[in-house]
Structure formats: structure tokens, C-alpha cells
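The values are calculated or read from the model by the stated rules, or taken from the named source; none is laboratory data. None of these values were measured; they are calculated from a predicted model. Positions of Cβ are generated from backbone atoms using ideal geometry, with glycine treated the same way; all protein chains shown enter the neighbour counts. Keep in mind that these areas ignore ligands, DNA and RNA; they rest on the heavy atoms of the full protein, side chains included. Shrake-Rupley method; radii C 1.70, N 1.55, O 1.52, S 1.80 Å.
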Amino acid sequence: MDEIPERIFRLAEKALTTANTQATYYGPGIEHWPAMSLLSACHAGELFVKAAIARHHPLLIFKNTFNFKEGEDEGLTLDTLIAKGRSHDFSVLPTIYWAVSGNRIPAVDVYKEAGKLRNSIQHFVEPDGHEHTEMTLRFLYEVVDPLIAQEFDINAIDYTEGFNDGYDYLV
């Protein structure tokens, strides 16, 4: 159980790196990156929030822990949670985070707007006339960056790939 927050955090870092890269570069063969950047950014944000919640107690990220039955399940091991656990949805994470930490998600309006666009892209179709890169960067730097600075003492701009200095390209 103690591994859960760190494992989530490490995956969140990778998603953040991908989101920054996909939002920064554009060209032939990677025309899909603007939409993918939003998916990666929302994935990173969701995982960072879950990592922050899990630091208080790993079971708080799961919405179905009360469905496990003593004696019927092999116990609440990491393997059991991975196989049967269901974590809270993106849309309710701000409330869970606030209840657990006493802190609010920064720019929750941007969080919600990005979440709606993410759902459209991921579950249906990429909407026409939407600037995904702008929403990605707003989400990363109005929501994720202040959150991870407060919770983990890191900055989003330091997570990039494909170039040496994110400050030259992102700023």
C-alpha cells in the first residue's frame, strides 16, 4: 500500500512530460498531437491529484473499497486493488482532494472545461474549431503547475522531452 502514491506520482510525471512535448511541437506526421496533448495533460492532472490524495491514505483514491468483503477477497493487497479496485472519476477528484487535504484545485473552472473536452476527445470525437494546445497549456499551467508546486515542490515546465530546455520552447 505504501507504494501507491509514489507509483502514481511517477506515472503522472511521464504523462506531464508527454503533454508538454505534444503541446509544444507541431508538424508533418504529428498533426494529432494537439488533441493528444490534452488527453496527456488531463491524465497527468488526474494522476497528480490521486497521488496527493493517496499520500493521506492510499485507499482514499478508490470508490469501491467498501465493496471488498472480508473472507471473500484475498485481502486488500496491491494486486487485489489493481485487479478489482476502481478509482474516483476525474470529475469528482476536486471534491475528494478538498475533503482530504483542505486545499482546493487551482482554477477549477479550467479543470472542469478541460475535463469536458477530454471526455469528448477520448470517448467520442475531437470537436471542430477547438484549440486543444491552448486548453492544454491553460490546464497545465493554471491547474497542474500550482497544484504540483504546492503538493510536491516541483514545476511543470521542468518536464519536457525532445529538447534540453523547456523554458526556450514553452515560454
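Some notes on this structure:
- Given Lys50/Lys84; Lys14/Lys50; Lys14/Lys112, the pairs whose alpha carbons are separated by over 20 Å: Lys14/Lys112
- Rounded to 10°, Cα long-axis angle of helix 108-123 versus longest principal axis of the chain: 90 degrees
- In the complete set of protein chains, residue-level accessible area for Glu134 is approximately 110 Å², probe 1.4 angstrom.
- Computed magnitude of the charge dipole of the chain (debye, nearest 20; Cβ of K, R +1, Cβ of D, E -1): 500 debye
- Calculated [θ] (222 nm, deg cm²/dmol) that DSSP helices of n ≥ 4 give over the chain, each run adding -39,500 (n - 2.57): -17500 deg cm²/dmol
- Of the residues His56, His88, the one with the largest accessible area comes first in the ranking His56, His88, computed with a 1.4 Å probe on protein heavy atoms.
- Shape metrics for the chain, restricted to C-alpha atoms - Rg then Dmax, Å: 16.9, 57
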